[in-house]
Amino acid sequence: MVEIKLLKDNSEIVPYNFPSFPVHARKHWLFHYPNMAVVSHWHADLEFIVILRGKMLYSVNGKDYLLEEGHSIFVNSKQLHYGHAFKGEDCQFLCMLFHPSLLYITEYIKKIYVEAICQNRELPFLIFESSDALQQIFNLCQEKTPGFELAVLSHFFSLWLNIFQDIKKVDTKEEPISDKRLETLHSIIGYIQKNYSEKIVLNDIAAAGSVCRSSCCDIFSSLLHMTPIQYLTNYRLEKSIEYLCHNSHSITDIALLCGFNSSSYFTEVFRRELGCTPSEYKVKIKNSFING
């Protein structure tokens, strides 16, 4: 789970709940992440976020949108996105991803009802009131009773029909972001995700996007509101959290696996960004899962 895998276009391969059913369904708190922000990423899968408690700022292609309790957002395929805290407040949310292939019954359905939405550049996202279907899908994925996959598909098709019917009402008057900047950021993020465990400097990051250091910093600042090195650090921390939650490696091993040059430096950065040591975090995260 820890070692991220990418496709040739540098999009993330999603860690599904089930080996033969491309669905990801998890419940999270923002405090689980460095700086209470998920690192920016993109993938072919269709993403749905449901806000259960609190508020969240959700960034899609470099612009933030406020999601309040009871809201959901649909993020279309291959859009750059991440969620982060609103005014430093925590937020509990459901994150669900579905590969578009789940909707491919026939080539006709694929072309008219799936690709027509997934390839619609005027529909990067859609915000709506939380759907019972999303909560039911999450519950089904947790219970895993015989036949749950069919029930999930039933709710997903119903949800997709609603999106298809609503796209005619969507009026996206947002100024489109330069495709070149997004393409460059995709390349850079892919490079960082592949090489985060190695020594990386700003020159390496800029070269991955075939831009100069200054342009690299400008792209990160305008689209992600951080520096390239801050993104690298946050990504390393997020991967270290996966080790802490799902493996029995020592703190020293995790530090080196995630690109930190020593356990003391890893602990210093971890405490600064998450307010506790890695060891304390393991206890904290375990208790949060127990208490829901």
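The values are calculated or read from the model by the stated rules, or taken from the named source; none is laboratory data. Since we're looking at a predicted model, the values are computed, not measured. FYI the Cβ positions are ideal-geometry reconstructions off the backbone, even for glycines, and counts take in every protein chain you see.
Go through the range 125-146 residue by residue and tally those that are aromatic (Phe, Trp, Tyr) and in a helix (DSSP H, G or I).
Number satisfying all stated conditions: 1.
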Can we say THR227 is modelled with pLDDT of 95 or more, hydroxyl-bearing (Ser, Thr, Tyr) and buried (at least 20 other Cβ atoms within 10 Å of the Cβ)?
no
Taking the range 64-91 and the residues there that are under 15 Å from the mean Cα position of the chain (by Cα) and of a type in the set (D, E, K, R), the one that is farthest from LEU274 (Cα to Cα) would be LYS78
Within the range 83-117, the residues that are among the polar types (S, T, N, Q), in a loop (DSSP other than H, G, I, E, B) and touching a strand residue (DSSP E or B) at 6+ places or on another chain (Cβ under 7 Å) are none
Contact list, first residue from the range 206-218 and surrounded by fewer than 15 Cβ atoms within 10 Å (Cβ to Cβ), second anywhere and of a type in the set (A, V, I, L, M) and modelled with pLDDT of 95 or more, beta-carbon distance below 8 Å, six or more apart or interchain, is CYS212/ALA206; ARG213/LEU202; ARG213/ALA206; SER215/ALA206
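Going through VAL269, VAL201 one at a time, which residue ends up being farther than 25 Å from TRP29 by Cα and at pLDDT 90 or above? Spell out the reasoning first.
Working: VAL269 fails: farther than 25 Å from TRP29 by Cα.
One residue alone meets the criteria, VAL201.
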